Structures are given as structure tokens and as C-alpha cells.
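Asks: Supplied in C-alpha cells, the structure appears directly below.
The values are calculated or read from the model by the stated rules, or taken from the named source; none is laboratory data. No experiment lies behind these values; they were computed from the predicted model shown. Glycine gets a Cβ as well: all are built from the backbone with ideal geometry, and neighbour counts include every protein chain shown. The protein model used for the area step is the full one, side chains on, heavy atoms only, and it has no ligands, DNA or RNA in it. Shrake-Rupley method; radii C 1.70, N 1.55, O 1.52, S 1.80 Å.
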Amino acid sequence: MNRTLAINNGIIVTMNSKREVFRGSVLIENNRIVQIEKGEKRLKAEEELDATGSIVTPGFICSHTHLYGILLRGAPLKLRPPSDFTQNLQRIWWPMDETMNENDAYISALTASLELLRSGTTMFADTFSGPNAIDGVLDHIEKGVMEAGIRGVIAFEATQRRSEEEGYRGLKENERYIRKDKNEKMSGMISIHASFTVHDDLLREGKRLSDRYAVPLTLHTSEGKWDLYHNLERYGKRTFERLNDLGVLGERTLVAHAVQVNEDELNLIAQSRTHVAHNALSNMLNAVGIAPVPEMLRMGVNVSIGNDGYVFDTFENIRATFLIHKVNKLDPRVISFLQVLEMSTINAAKALGVSDKLGSIELGKLADVVIIKPSVKPTPLNEQSVYGYLVNAVNGKDVDTVIVNGEVLLRGGRFTKVNVEDVNRRAEELVGDYWRRLADAVEKVEVLKL
Ligand SMILES: [Zn+2]
């Protein structure tokens, strides 16, 4: 039996190739968009949602996250405050990785997925790291993601910072998950931590697997200066020169950050059609610098927005991206409303290789759609003002309805399938235990030589 769902009389921000915006209605049949009507005509369906006075957008896509990062929120850690990004990894993230078990992976995946959905994100690309939870851990993450109902691309972040073998185990876990029979909303990819924690062979193997299974290969690149210095010292090459020489760059490769890059490296990114996941808030938090995003956009690089496991609210990430480059360049023209909205929808879909199915409201595409009802509208909300509203004024709490794969997961700002109070109770129990283990690990930090 076909299920039908109509969204009537909203301001439709399509993100189609013409970037059309109009007042109109959208009909969904099962999990696909089957009709789009401009104008006042109301479409009939089993369930009809009235979007009068609301904005209808494609589901937002977060191209780089670490769902488990949500467990750090408010963690009372006794540590010498990191003075740079490398110490941040050594004192916080790596002890965190080493403490993670399957239950932690599950509860963080569930709670972070709910938070993403709540603010209109319908798909994300997540990489998890945890040397004591490698084999099979993606099944636990999948369980949390599926309980929330969001669309997820998940992977284990292969690293050789502790041993060579561990890197291959990480890739094996990715390969296992890619080959696994899964729900249609779930998919896998290949993930490598960063060029400074792996040898050349692992990078080549990651690229081989990405090509073999036609899935994205993702890795952190030149987030702080350490990555750059490591590559210069060990290989005599800048980060992207080394990656290019190894054949790792390309249309299936999605690099996170690319902050500490020079013009030659930007050319390599552009020429190889490598995608970039930009994480403005996380870059500010870690004080690593500001990625040259306006230059990337000018050079035709496909730039998308990630949250890097820091702030999960979709609109906070969009707004940070919109603002940081203006102040950095002392020029408010360097990035537009439309560009940041593209980065969080269609560009992110391209980065993950799914722009034929997702990232815009178009006939035949999968029905990931968001309805946003700004609670206060001091100025007219119409086709002309809608981009400004989305970037300058909307926040996650204005998201009224979230539809993923044709199914309404949030209605009137409330989850339809998940009892959040129950999830919070379960999370509190598990996270209390996790924090105790993490506090122990943080106290015993051992600095690895890379
Ligand atoms: Zn990251």
C-alpha cells in the first residue's frame, strides 16, 4: 500500500539546479517526492501538513561528525588545559577514544542523532574512534542511529598511532560494515584518522577500498599545524602533496578541515575534485585557524559543513560558517546566504556521493524534508526574505517537522517515535559510568610519539 504525505502552502527552498524558491506544495509517496506544485493548490494525501507561514527545505546534511563527541559535554575533567590542538588530542580525545566501549558508542549515537534531527539534520557522516571497541562496534552505532531514525553514513576511524595492525583492523571493520546487509537509511564508508597517524600503505589501502566499494574515503587533514609539520619532517611534503602523491585525493575523497593549507595545496584539492568538510565552530574551539573557504569556493571546490562532534544544532553551524570568513577577511561579501545553505544541503550530498538522491527538493528524490516555523516573525517571511531568515534568524528550536525517507520523525517539535525522557534517563546512567572511566584515563595520559 502506498503511503502519501502532502506538505501544503509553504515557502519551498528547493536547492534544485536553478535554486528555485517559491510558495507551493510537495507530495511524498512512500519514501519519494512525487509531485511539486507552485502556487496555492493544496495537494490531497493521507496525511496533510499545513506549511502556511513556514519554510520547507531539504533535510540538512552534516558531512563530518563524531557522534561520540556528545559525551564530552560538560565532562568534569581534571587536566592541564591543552595549549594547542595536539595537546587537545593527547589530553582529551585520545583518552576518550581509549575509554569508549560498545555501550558508550550506542548511547552517544542515539542521543547525538536525536539532537541532529531536532534541528533539521536528516543525514550525517560519522567517524568513531576507539581502540578497545573496533570489531563490530559499527553495529552498536547503527543500533543507536536507527532507533533515532535518521539517515547515517558511519565508519571507524582507522589509525596507527598505537600499532600498525590496529589501522588495518579499523579498515576491516569498515569493510565488514560496508558489506553488511543494512537498512536503506544506513551506509558505510572508509575512514582514516589523519595523515600524521598513519603510514603510506594504510592510506593507499583506504583509497583502494573506497574505490572497490564506491564509497567515500574520509580523513582529517591539516586541522592544526602538527599535520603539516609531521608531513614536512617525515616526507618532505606538505599534507596535500603527500596525499596527492599517494593517489588518495579524488572525487570520492572527503577531507575534513583543510585549515593549514597553502595555495599549491588548494590547487591540488580543486584539480582532484576532492570534497571538503568545513567545521567552523570546532576550528574556533580548538584554535587551529580558519580554513580558506572563500578561496575554495572561488576555485570551484565542493565545500560542505560538518560539526566535528562539537555543537549539533544545524543552524549554529550554518551561522558560524556564514560569519567567520567575513570577519577573517574583513569583507562581508566573501560568503553569501545561498552559499552556506548549499554547503549544508546539496554540497554535502555531493560530498557523500548521494546528490542524485538527496540534498534538494526535486521530483524522484528521497523524501528527506524539513518544515521550519520561525516562532517570531517581525518582518515578512517570503520568497525574497527566506534565505536571510534561514541564515540570520532561525535556530534549531524553530524546526517543526522533520521527515526522513518519507516518515515523519518530528512533528510540532516533538519526536514521534522516540520517548526522549526515557532516552535521557538511560543516557544519564551510562554516561555517569563513562565519565568515571574517562576521568581515570585523563589522569593517566601517556604521550605517544608519532
Ligand atoms: Zn573530526
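Asks: Hey, quick one: spin label on Arg298, modelled 7 Å out along Cα-Cβ, who in region 316-330 has an amide N within reach, i.e. under 13 Å?
Replies: 329-330
Asks: With everything on Cα atoms, drop me the angle between helix 102-118 and the longest principal axis of the chain, reported from 0 to 90° to the nearest 10.
Replies: 40
Asks: Which lysines have a Cα lying under 19 Å from the Cα of Lys417, excluding residues fewer than 8 positions away in the same chain?
Replies: Output for Lys417: Lys143, Lys185, Lys397.
Asks: Output ³J(HN,Hα) for region 394-409: one whole-Hz value per residue in order, computed from phi by the Karplus curve 6.51 cos²θ - 1.76 cosθ + 1.60 with θ = phi - 60°, and x for Gly and Pro.
Replies: Values per residue, Gly and Pro as x: 6, 10, x, 6, 7, 6, 9, 9, 10, 10, 10, 6, x, 10, 7, 9 Hz.
Asks: Another question, then. What is the chain's relative contact order, in percent, from Cα pairs under 8 angstrom and six or more apart in sequence? Present the calculation step by step, with values, prior to reporting the outcome.
Replies: Working: 980 pairs, mean separation 93.8, N = 450.
Over the chain, the number comes to 21 percent.
Asks: Report, please, the projected area of region 185-272 averaged over directions, based on the convex hull of its C-alpha atoms, in nm². Please list the in-between numbers first.
Replies: Numbers: hull surface 22.3 nm².
Average of the hull's projected areas for region 185-272 equals 5.6 nm².
Asks: For the pair Asp422 and Asn392, how long in nm is the line joining their label points, each one 7 Å along Cα→Cβ?
Replies: Inter-label distance under the simple model: 4.4 nm.
Asks: Tell me what the chain gives for mean residue ellipticity at 222 nm when only DSSP H runs of n ≥ 4 count, each as -39,500 (n - 2.57), the sum divided by the residue total, rounded to 500 deg cm²/dmol. All intermediate terms of the calculation are to be shown ahead of the outcome.
Replies: Details: 15 runs with 161 residues, N = 450.
Taken over the chain, the calculation gives -10500 deg cm²/dmol.
Asks: Projecting each Cα onto the charge dipole of the chain (Lys/Arg +1, Asp/Glu -1 at the beta carbon, about the Cα centre), which of Ala291, Gly388, Ala349 comes out farthest on the positive side?
Replies: Gly388
Asks: Moving on to the next point. For Lys207, list the lysines whose Cα falls under 21 Å from its own Cα; do not include residues on the same chain fewer than 8 positions away.
Replies: In chain and number order, the partners are Lys172, Lys180, Lys237, Lys350.
Asks: Not counting ligands, DNA or RNA, and with a 1.4 Å probe, what is Leu323's accessible surface area in Å² rounded to the nearest 10?
Replies: Roughly 90 Å² of Leu323 is accessible to a 1.4 Å probe.
Asks: In whole angstrom, note down how far apart the Cα centers of region 377-450 and region 6-24 are.
Replies: Here the two parts' Cα centres lie 25 Å apart.
Asks: Ignoring ligands, DNA and RNA, how do Glu251, Glu295 rank by accessible area with a 1.4 Å probe, largest first? Write down the numbers at each step before the final one.
Replies: Working: Glu251 125, Glu295 45 Å².
Order by accessible area, largest first: Glu251, Glu295.
Asks: Over the Cα atoms, compute the radius of gyration (one decimal) and Dmax (the largest Cα-Cα distance, rounded to a whole number) for region 17-140, in Å.
Replies: Considering region 17-140 through its Cα atoms, Rg and Dmax are 21.0, 62 Å.
Asks: Largest first and to the nearest Å, give the Cα extent of region 336-450 along each principal axis.
Replies: Rounded to whole Å, the extents work out to 56, 40, 33 Å.
Asks: Output the 0 to 90 degree angle, nearest 10, between the alpha-carbon long axis of helix 420-443 and the longest principal axis computed from the alpha carbons of the chain.
Replies: 20
Asks: Would you kindly state how much longer the chain becomes between Asn262 and Arg204 on full extension, computed as 0.36 nm times their sequence separation minus their alpha carbon distance, in nm to one decimal? Don't skip to the answer; put the middle values down first.
Replies: On the way: separation 58, 0.36 × 58 = 20.88 nm, distance 2.35 nm.
Stretched out fully, the Asn262 to Arg204 stretch lengthens by 18.5 nm.
Asks: Roll a 1.4 Å probe over the protein heavy atoms and report the accessible area of Phe124 in Å², nearest 10.
Replies: It works out to around 0 Å².
Asks: Could you tell me the calculated FRET efficiency between Arg179 and Arg32, based on Cβ-Cβ distance and R0 = 25 angstrom, to the nearest 0.05?
Replies: Details: r = 26 Å, r/R0 = 1.06.
Working from the Cβ atoms, E equals 0.40.
Asks: Ok, one more. Would you be so kind as to identify which of Gly406, Leu430, Phe240 lies farthest towards the positive end of the dipole of the chain, taking Lys and Arg as +1 and Asp and Glu as -1 on Cβ and the Cα centre as origin?
Replies: So the residue we want is Gly406.
Asks: Moving on to the next point. To the nearest whole percent, what portion of all C-alpha pairs in the chain is separated by more than 31 angstrom?
Replies: On the way: 38561 of 101025 pairs.
The answer is 38 percent, as a whole percent.
Asks: Let me ask you something else. Using label points projected 7 Å from each Cα along Cα→Cβ, tell me how many nm separate Ala270 and Ala287, to one decimal.
Replies: Calculated label separation equals 3.3 nm.
Asks: Still on this model: From the backbone phi of region 39-54, what are the Karplus-calculated ³J(HN,Hα) couplings (6.51 cos²θ - 1.76 cosθ + 1.60, θ = phi - 60°) in whole Hz, Gly and Pro given as x?
Replies: With the stated coefficients, region 39-54 comes to x, 7, 4, 8, 9, 8, 7, 4, 10, 10, 9, 8, 9, 4, x, 10 Hz.
Asks: Assuming R0 = 56 Å, can you tell me the calculated FRET efficiency for the pair Tyr229 and Asn382, based on Cβ-Cβ distance, to the nearest 0.05? Intermediate values should be presented prior to the final figure.
Replies: Working: r = 51 Å, r/R0 = 0.91.
That pair, Tyr229 with Asn382, gives E of 0.65.
Asks: Right, something else. Among Ser210, Ala194, Ala158, flag the residue with its Cα farthest along the positive direction of the charge dipole of region 143-214, charges on Cβ as +1 for Lys/Arg and -1 for Asp/Glu.
Replies: In region 143-214, that residue is Ser210.
Asks: Oh, and also: Angle, helix 225-235 long axis vs. longest principal axis of the chain, Cα atoms, 0 to 90°, nearest 10?
Replies: 50
Asks: Related question: In debye to the nearest 20, how big a dipole does region 60-351 give about its Cα centre with +1 on each Lys and Arg Cβ and -1 on each Asp and Glu Cβ? Could the numbers behind the result be given before it?
Replies: Working: 33 positive and 38 negative charges, 89 e Å.
That gives a dipole near 420 debye.
Asks: Which FRET efficiency, nearest 0.05, do Ser336 and Thr52 yield, Cβ-Cβ r, R0 35 Å?
Replies: Once the sixth-power term is evaluated, E becomes 0.80.
Asks: Okay, moving on. Counting every Cα pair in region 247-399, what percent are over 27 Å apart? Don't skip to the answer; put the middle values down first.
Replies: Working: 2763 of 11628 pairs.
Counting pairs separated by more than 27 Å, the tail of P(r) holds 24 percent.
Asks: Now for a different question. Please arrange Trp94, Trp226 by accessible surface area, largest first, computed with a 1.4 Å probe and ligands excluded. Show your work: numbers first, answer last.
Replies: Working: Trp94 15, Trp226 60 Å².
Order by accessible area, largest first: Trp226, Trp94.
Asks: Calculate the radius of gyration of the Cα atoms of region 123-176 to one decimal place, then report Dmax, the largest Cα-Cα distance, as a whole number, both in Å.
Replies: 11.5, 36
Asks: Read phi for every residue in region 329-338 and hand back ³J(HN,Hα) as whole Hz from Karplus 6.51 cos²θ - 1.76 cosθ + 1.60, θ = phi - 60°, with x for Gly and Pro.
Replies: Coupling constants for region 329-338: 8, 6, 8, x, 8, 6, 8, 10, 3, 4 Hz.
Asks: Further question: Give the Rg/Rh ratio for region 395-442, taking Rg as the radius of gyration of the Cα atoms and Rh as the Kirkwood radius, to two decimals. Intermediate values should be presented prior to the final figure.
Replies: Details: Rg = 15.8 Å, Rh = 13.1 Å.
Radius of gyration relative to Kirkwood radius: 1.21.
Asks: Please report, in debye to the nearest 20, how large the charge dipole of region 220-343 is about its Cα centre when each Lys and Arg carries +1 at its beta carbon and each Asp and Glu carries -1 there. Don't skip to the answer; put the middle values down first.
Replies: Details: 12 positive and 15 negative charges, 27 e Å.
It works out to roughly 120 debye.
Asks: Pop a pseudo-label 7 angstrom from the Cα along the beta-carbon direction at both Ser163 and Arg80 and give the gap in nm to one decimal.
Replies: 2.9
Asks: Cα extents of region 87-163 along the three principal axes, largest first, in whole Å?
Replies: 37, 26, 18
Asks: Would you mind working out the accessible area per residue for the chain, using a 1.4 Å probe, and quoting it in Å²? Can you show the working numbers first?
Replies: Numbers: 17910 Å² over 450 residues.
On a per-residue basis, 40 Å².
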